[in-house]
Amino acid sequence: MNIIIYTADWCIYCDNAKRLLNKRELEYVEINIEEKGWGRGKLFELTGGRTVPQIVIDDTPIGGYEDLLKLDTSGKLKI
C-alpha cells in the first residue's frame, strides 16, 4: 500500500491522521505543503481537495482525516 499524506504544521487533523497510520503500522510519505511553498491551489491540483490533510492511497485521493477514519472503522485500511 502506497500512502501519501499532505500536511501543514498547524493542522491537528494532520497529526490525528499520522497517529492513526502509525497505530496501524502503515508506512506513509508525508509532504508538508508549507515547507514546499505550495498553496491550496497546488494541493487541489494534486488531490482534488483544498484542505489538509489530504491522503492519497495507491494513487487514489481518499480525502482527509475523517475519510481515513471511515476506511479504518470499515476494516478497509489494512495492509
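The values are calculated or read from the model by the stated rules, or taken from the named source; none is laboratory data. Everything numeric here is computed off the predicted structure, so don't read it as measured data. Using ideal geometry, Cβ is built from the backbone for each residue, glycine included, and neighbour counts are taken over all protein chains shown.
In segment 1-23, the residue that is nearest to PRO61 (Cα to Cα) out of those that are of a type outside the set (A, V, I, L, M, F, W, C) and assigned to a strand (DSSP E or B) is TYR6. For segment 5-26, residues that are surrounded by 18 or more Cβ atoms within 10 Å (Cβ to Cβ), under 11 Å from the mean Cα position of the chain (by Cα) and more than 14 Å from LEU77 (Cβ to Cβ) total 3.
Being part of a strand (DSSP E or B) and farther than 13 Å from ILE5 by Cα is the filter here; which residues of segment 29-65 pass it? Steps first, answer last, please.
Within segment 29-65, the first condition is being part of a strand (DSSP E or B), and the residues that meet it are 29-32, 54-57, 60-63.
Residues satisfying the conditions do not exist here.
Do we find that GLU27 is touching a residue at least 24 places away in the same chain (Cβ under 8 Å) and not hydroxyl-bearing (Ser, Thr, Tyr) in this structure?
Taking the combined requirement at face value, the residue satisfies it.
Of the residues LEU68, LEU26, the single one that is over 12 Å from THR7 (Cα atoms), among the aliphatic types (A, V, I, L, M), part of a loop (DSSP other than H, G, I, E, B) and modelled with pLDDT of 95 or more is LEU26.
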